[in-house]
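Below is one structure; the comments refer to it alone.
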Amino acid sequence: MQTPIDATRTPAWGKLTDLRSTFADGPHKLRRLFDADPKRAERYTLDLADLHVDLSKNLLTDEIRDALLDLADQTKVAERRDAMYSGEHINVTEDRAVLHTALRRPESDSLTVDGGDAVVDVHEVLKKVYDFADKVRSGEWKGVTGKPIRTVINVGIGGSDLGPVMAYEALKPYVQEGLECRFISNIDPTDAAVKTAGLDPETTLVIIASKTFTTLETLTNARCVRAWLLDGLVAAGAIEDTEEARRVAVAKHFVAVSTALDKVEEFGIDPVNAFGFWSWVGGRYSVDSAVGTSLAVAIGPKGFEEFLAGFHAVDEHFAAAAPERNVPLLMGMLNIWYVNFWKADSHAVLPYAQYLHRFPAYLQQLTMESNGKSVRWDGSAVTTDTGEIFWGEPGTNGQHAFYQLIHQGTRLIPADFIAVANPAHPARDGETDVHELFLSNFFAQTAALAFGKTAGEVRAEGTDEAIVPARVFPGDRPTTSIMASELSPKVLGELIALYEHITFVQGVVWGIDSFDQWGVELGKKLALQIAPAVSGDEKALESQDSSTASLVTWYRDHRR
Ligand code: F6P
């Protein structure tokens, strides 16, 4: 096992510490940097496949960039990237390869992993997924009463939900007319109740997506949805109330996506209707595997292929671009700069594209389940802060909610602004192009955050002296602007892969295993232990701590 390098003991870390202490040599640094270098925007703007990325409004100079790249070099980011791409078991605590990049390799590639060719396996499953998607889309796949499918419900949670739902929402304009996907994830019975409301079981198909096929929420929801669908068919007189009729209906209305095909069969789903993937695909890195089957049905195989091509373009860039042009590397190292040298504890992602409204939620699992760790991959304690909090909401809604704190609060919150040039729904308000008005906000916000407003400028507007301080904007609030021509399947794939690799870069510098998630286990186990107490088992109640016991008791007293 390659020992993690302690980033804090590298020469580059020392250099960055010095650069940080001399960086803020007065207010409005970004104004001064832009004034001093008319080509700053040009020099710090990079094109990555279809993404146009402007890093110039970051707290960055050439010296800082070079020191950050030295830090990446001294912590061996490139070596670990190569180890990941080649299938080494870099997920140390689970002893697994990490090969989401293999999911988007073209069929002509090959990659030997654990004795087999991963690319061959990937394309075999993709063909099966595409064939299924085509059948559902064309109406060839029929429900038990011979009706075509109108609604696909994806039952899953975490990586088996957030990726598919985010991508489905993002690519709504590409969804085949007459088809709808719904997503059930929460074990709160409200979720399944709301998502099945108004649906006709005869035209509904359910995809149960679970890497392990053991997840409590998913299996509970899967059973509840199966009962809803079969009981609905029986109640409508569509099938007889016999075991055999129910079995036949399950075969027409349920498919599964999992690495545990034996468990899929135990659930009652014919393995013919199951799409596999592999232990080397992490849940939060799986939307481009068979976990994206609902998306493949919605946007079609061609759209899904474009989606994968977007990921692959970014994978190639990350593998081959020179460090000073390598966007995921630079963005990952900028995050290190802010977390470790500016003590930023959160990072906002602000899409100016309504269809990306679930993107921040998706990124929360990707980044925080990956890098929310306090030990390194050899079990030793981390030597510095890790895993910042990712959050965000689409602009302009966020502007009227939390931007105040980003502009004038005491915390530094680096933010990524994402926008597309061409909207899915152009609109005019009289003379005004509404998308242009929308994007004016996007452009204005990053400028205001970077350059602020001085007391002199506030006074020049004739502001009452007493409220001048309240109206000053300090500026120097760092942002990265990411633009694309339109939100296509390819662009979405590029965006996701970009953030996957940013997350990876940060994890390597911190020396952590970004691909395990042991921190989710304890709560899962305790929920199962507490369940009998919640249902009235006095003995189980007694074994709880006093706070938990009293909360459970209050619940039992108030439950109608
Ligand atoms: O939240 C923990 C987790 O293991 C995630 O990593 C995963 O995406 C999610 O649960 C769902 O797991 P599964 O796909 O095995 O049901």
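The values are calculated or read from the model by the stated rules, or taken from the named source; none is laboratory data. Source: prediction; values computed, not measured. Here Cβ is always computed from backbone atoms with ideal geometry, including for glycine, and neighbour counts include all displayed protein chains.
Restricting attention to the range 395-435, the residues that are within 30 Å of Phe341 (Cα to Cα), among the hydrophobic types (A, V, I, L, M, F, W, C) and surrounded by 19 or more Cβ atoms within 10 Å (Cβ to Cβ) total 6.
Of the set (1) at pLDDT 95 or above; (2) away from the ligand (no atom under 16 Å from the Cβ); (3) not acidic (Asp, Glu), all apply to Gly282 but (2).
For the range 532-557, name all the residues that are loosely packed, with under 10 Cβ neighbours inside 10 Å and in a helix (DSSP H, G or I). Break it down into steps so the answer makes sense when it comes.
Initially, the range 532-557 is screened for residues loosely packed, with under 10 Cβ neighbours inside 10 Å, giving 538-539, 542, 545-547, 557.
Across the range 532-557, the qualifying residues are Glu538, Lys539, Glu542, Ser546, Ser547, Asp557.
Among the numbered criteria (1) outside the structural domain of Tyr130 (by the TED database); (2) outside any strand (DSSP E or B); (3) under 20 Å from the mean Cα position of the chain (by Cα), which one does Val291 miss? Just one mismatch for Val291, condition (1). None of Val53, Val98 is in contact with a strand residue (DSSP E or B) (Cβ under 9 Å, 6 or more places away or on another chain), of a type in the set (Val, Ile, Thr) and assigned to a loop (DSSP other than H, G, I, E, B) except Val98. Across the range 174-219, which residue is nearest to the ligand (Cβ to nearest atom) among those that are among the β-branched types (Val, Ile, Thr) and closer than 25 Å to Lys142 by Cβ? Per the criteria, the residue is Ile208.
Look at Gly523 and say whether it is within 16 Å of the ligand (Cβ to nearest atom), surrounded by 12 or more Cβ atoms within 10 Å (Cβ to Cβ) and either of a type outside the set (A, V, I, L, M, F, W, C) or without any contact (Cβ under 8 Å) to a residue 60 or more places away in the chain (or both). The answer is no for Gly523. State yes or no: is Thr220 closer than 26 Å to Ser279 by Cα and surrounded by fewer than 19 Cβ atoms within 10 Å (Cβ to Cβ)? Judged against the criteria, Thr220 is a match.
Here is a yes/no grid of residues against (1) crowded, with 24+ Cβ neighbours inside 10 Å; (2) in a helix (DSSP H, G or I):
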{"site": "Arg284", "(1), (2)": "yes, yes"}
{"site": "Ala319", "(1), (2)": "no, yes"}
{"site": "Leu329", "(1), (2)": "yes, yes"}
{"site": "Glu393", "(1), (2)": "no, no"}
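Against the list (1) crowded, with 21+ Cβ neighbours inside 10 Å; (2) within 16 Å of the ligand (Cβ to nearest atom); (3) closer than 30 Å to Pro351 by Cα, the condition Leu171 fails is (2). In the set (1) free of Cβ contacts under 8 Å to residues at least 60 places away in the same chain; (2) of a type in the set (A, V, I, L, M); (3) more than 16 Å from the ligand (Cβ to nearest atom), the condition left unmet by Ala256 is number (3).
Having 2 or more residues that are touching a helix residue (DSSP H, G or I) at 6+ places or on another chain (Cβ under 9 Å), among the small types (Gly, Ala, Ser) and within 26 Å of Ala353 (Cα to Cα) is the bar; report the helices (runs of 4 or more DSSP H) wholly within the range 400-482 that clear it. Quick ask: steps written out before the conclusion?
Numbers: elements: 403-408, 434-451, 455-460, 468-471.
Per the criteria, 434-451.
Search the range 63-118 for residues being of a type in the set (Gly, Ala, Ser) and surrounded by fewer than 18 Cβ atoms within 10 Å (Cβ to Cβ), and hand back the single one that is nearest to Asn340 (Cα to Cα).
First, pick out the residues of the range 63-118 that are of a type in the set (Gly, Ala, Ser): 67, 72, 78, 83, 86-87, 97, 102, 108, 110, 115-116, 118.
Add one more test, that the residue is surrounded by fewer than 18 Cβ atoms within 10 Å (Cβ to Cβ), and what stays is 78, 83, 86, 108, 110, 115-116.
On the way: Ala78: 20, Ala83: 25, Ser86: 30, Ser108: 42, Ser110: 39, Gly115: 40, Gly116: 41 Å.
Checked the range 63-118; the qualifying residue nearest to Asn340 (Cα to Cα) is Ala78.
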